[in-house]
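*Asks:* If you scroll down you'll find the structure; I have some questions about it.
The values are calculated or read from the model by the stated rules, or taken from the named source; none is laboratory data. Nothing here was measured: the structure is a model prediction, and the numbers come from that model. Using ideal geometry, Cβ is built from the backbone for each residue, glycine included, and neighbour counts are taken over all protein chains shown. With ligands, DNA and RNA removed, areas are computed over all heavy atoms of the protein, side chains included. Shrake-Rupley method; radii C 1.70, N 1.55, O 1.52, S 1.80 Å.
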Amino acid sequence: MSRTLSPQEVADTTRPLLSTTLTMPGCDARGWVVVDSLVDGLAMGGTRMTPAVTERELAHLARAMTHKLALVGLPIGGAKAGIAPCPGAAVERHTVMREFGRAAAPLLHGGVYLGCDQGTTYADRQLAFEAAGYDVADRPGATRLTVGWGELWDHMADITGFGVAVAVLGALRASGAKAPQRIVIQGFGTVGRAVAHHLAAHGHRVVAVADVQGTIEDQRGLPVAELTALTGSDGTIDRARLPAAVRVHGSGRAWLHIDADVLVLAASASAVDEAAVPEVRAGTVVEGGNMSCTGPARRLLRESGRTVLPDVVVNVGGAAATGCVLAGLAPSDLPLPQLSAWLREWVSTRITGNCELVQELSASGSTDPVTYLLAAHGARRSPTAGALGA
């Protein structure tokens with residue numbers, strides 16, 4: 001059975017249904033799975049692999065997944081997994097993912113889907129699934145696919161960035177913007193690159209991009225396709241091969257000071273905190289990553305008259321598309337191009353609608369519109385974790 005969350009439970013990020021440490025004897029790494037909520041016996045979330053990931057961080061991320069899925073109307077609870085390689089250990093990636101899959105197998109087979117997140121790839125996920133003996137196609141009630149899970153996601157690799165771009169385009173339409181807008185993107189990984197491509201394709205100028213080495217800028221518009229070709233799998237841009245016209249800023253938060261209309265945050269958590277708010281130039285701030293702004297920063301940005309589109313509304317494309325298949329909402333037996341188009345339209349409609357509601361609530365004076373949206377959608381969780389594996 002599932003029930004509607006009270007306002008207190010919506011705000012509480014400290015009480016997951018299940019938080020477990022994984023035993024991974026074949027590698028020098030620690031692992032956890034946190035299940036924040038179950039809806040009809042199902043939960044889902046990504047697997048994050050960074051040296052600094054913690055169980056507490058995963059609890060916050062799992063709660064955010066509960067909120068994201070509730071806001072798009074999916075009958076699935078929120079979860080998150082984490083892998084932290086031990087300091088100084090020589091980590092063999094294939095070994096880590098196989099050990100993770102074996103350890104997480106009971107949860108995967110019990111209704112907790114664990115996909116990709118920061119630090120893991122589709123190939124990593126496939127290794128874990130194979131080690132767990134898990135196949136999405138075997139889940140009762142899931143959409144029947146005409147291709148393998150891996151092939152579907154090779155085709156849908158840009159879906160989260162696509163959703164972020166949909167949010168940006170909706171915000172610009174609502175603002176009445178007619179001319180091409182100047183975009184700054186903090187983070188040029190899978191999500192940041194997809195956002196850049198989609199917005200450039202709609203005629204907007206990506207004037208600055210930031211990675212771990214700093215910020216590059218060209219107010220005439222960066223060549224997005226060329227820039228992508230110079231970017232490694234870790235999202236780092238090769239400075240030695242940049243066009244001569246590109247201005248290179250050093251490390252730090254130079255991206256905050258770039259003149260722009262839209263700032264897309266697609267990298268680290270808490271990228272904009274209270275101290276950074278006075279430095280933000282853009283009129284629209286879009287949280288394309290998880291927890292990109294702190295709560296107080298969101299409030300201050302809105303109070304200063306800026307549009308803020310929060311992560312739980314914007315950073316949902318991959319989770320929403322996956323959830324549609326897991327829950328059997330997507331039509332079965334569609335050829336890959338038609339299924340991809342259906343999923344993109346579904347994601348676009350949900351993100352656009354929620355962004356419009358956020359903007360309406362913000363315009364009416366709300367400094368925390370997400371709480372109102374969650375109450376309206378009725379975020380749900382099972383009252384105990386005992387249903388896992390049932």
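*Asks:* Among the candidates Gly150, Gly203, Gly163, Gly141, single out the residue that is farther than 20 Å from Thr349 by Cα, at pLDDT 95 or above and outside any strand (DSSP E or B). Give the steps one after another, and end with the answer.
*Replies:* Details: Gly150 fails: at pLDDT 95 or above; Gly163 fails: farther than 20 Å from Thr349 by Cα; Gly141 fails: at pLDDT 95 or above.
One residue alone meets the criteria, Gly203.
*Asks:* Consider Val325 carefully, then state whether it is in contact (Cβ under 8 Å) with a residue 40 or more places away in the chain and under 13 Å from the mean Cα position of the chain (by Cα).
*Replies:* Details: in contact (Cβ under 8 Å) with a residue 40 or more places away in the chain: yes; under 13 Å from the mean Cα position of the chain (by Cα): no.
So Val325 fails the test.
*Asks:* If a residue has to be modelled with pLDDT of 90 or more and part of a loop (DSSP other than H, G, I, E, B) to count, how many in region 1-24 make the cut?
*Replies:* First, pick out the residues of region 1-24 that are modelled with pLDDT of 90 or more: 16-24.
Going one step further and asking which of them are part of a loop (DSSP other than H, G, I, E, B), we end up with 16-17, 23-24.
Residues meeting the conditions: 4.
*Asks:* Just wondering, is there one or more residues in region 355-363 that are open to solvent by less than 10 Å² (accessible area, probe 1.4 Å), farther than 16 Å from Arg139 by Cα and either touching a residue at least 12 places away in the same chain (Cβ under 8 Å) or part of a helix (DSSP H, G or I) (or both)? Walk me through it before giving the result.
*Replies:* Of the residues in region 355-363, the ones open to solvent by less than 10 Å² (accessible area, probe 1.4 Å) are 355, 358.
Still in the running and farther than 16 Å from Arg139 by Cα: 355, 358.
If we keep only those that are either touching a residue at least 12 places away in the same chain (Cβ under 8 Å) or part of a helix (DSSP H, G or I) (or both) too, we end up with 355, 358.
Looking for residues that are open to solvent by less than 10 Å² (accessible area, probe 1.4 Å), farther than 16 Å from Arg139 by Cα and either touching a residue at least 12 places away in the same chain (Cβ under 8 Å) or part of a helix (DSSP H, G or I) (or both), one finds at least one in region 355-363, hence yes.
*Asks:* Which ones in region 27-71 are more than 14 Å from the chain's Cα centre (by Cα) and charged (D, E, K, R)?
*Replies:* Asp28, Arg30, Asp36, Asp40, Glu55, Arg56, Glu57
*Asks:* For residues that are of a type outside the set (D, E, K, R) and assigned to a helix (DSSP H, G or I), scanning just region 266-289, find the one that is farthest from Cys355 (Cα to Cα).
*Replies:* If we filter region 266-289 for residues that are of a type outside the set (D, E, K, R), which is where we start, we get 266-272, 275-278, 280, 282-286, 288-289.
Still in the list and also assigned to a helix (DSSP H, G or I): 275-278.
Working: Ala275: 26, Ala276: 24, Val277: 21, Pro278: 24 Å.
Selected residue: Ala275.
*Asks:* So if I check each of Ala165, Ala104, Ala123, which one is of a type in the set (A, V, I, L, M, F, W, C), under 20 Å from Ala79 (Cβ atoms) and in contact with a helix residue (DSSP H, G or I) (Cβ under 9 Å, 6 or more places away or on another chain)? Spell out how you get there, then give the answer.
*Replies:* Values: Ala165 fails: under 20 Å from Ala79 (Cβ atoms); Ala123 fails: under 20 Å from Ala79 (Cβ atoms).
Exactly one of Ala165, Ala104, Ala123 is of a type in the set (A, V, I, L, M, F, W, C), under 20 Å from Ala79 (Cβ atoms) and in contact with a helix residue (DSSP H, G or I) (Cβ under 9 Å, 6 or more places away or on another chain), namely Ala104.
*Asks:* In addition: Which residue, of Leu301, Leu263, is assigned to a strand (DSSP E or B), open to solvent by less than 40 Å² (accessible area, probe 1.4 Å) and not β-branched (Val, Ile, Thr)? Steps first, answer last, please.
*Replies:* Numbers: Leu301 fails: assigned to a strand (DSSP E or B).
Result of the check over Leu301, Leu263: Leu263.
*Asks:* Ok, one more. What's the total number of residues in region 310-328 that are more than 14 Å from His67 (Cβ to Cβ) and either part of a loop (DSSP other than H, G, I, E, B) or not polar (S, T, N, Q) (or both)?
*Replies:* Looking only at region 310-328, we keep the residues that are more than 14 Å from His67 (Cβ to Cβ), and these are 317-318, 321-322, 324-328.
Next, from what is left, pick out any that are either part of a loop (DSSP other than H, G, I, E, B) or not polar (S, T, N, Q) (or both): 317-318, 321, 324-328.
Matching residues across region 310-328 total 8.
*Asks:* Taking region 241-260, which residues are in contact with a helix residue (DSSP H, G or I) (Cβ under 8 Å, 6 or more places away or on another chain) and open to solvent by 50 Å² or more (accessible area, probe 1.4 Å)?
*Replies:* Across region 241-260, the qualifying residues are Val248, Arg253, His257.
*Asks:* Working carefully through the options Ala123, Ala105, Ala90, find the one that is open to solvent by 10 Å² or more (accessible area, probe 1.4 Å) and assigned to a loop (DSSP other than H, G, I, E, B). Please lay out each step first, then the result.
*Replies:* Working: Ala123 fails: assigned to a loop (DSSP other than H, G, I, E, B); Ala105 fails: assigned to a loop (DSSP other than H, G, I, E, B).
When all the criteria are applied, what remains is Ala90.
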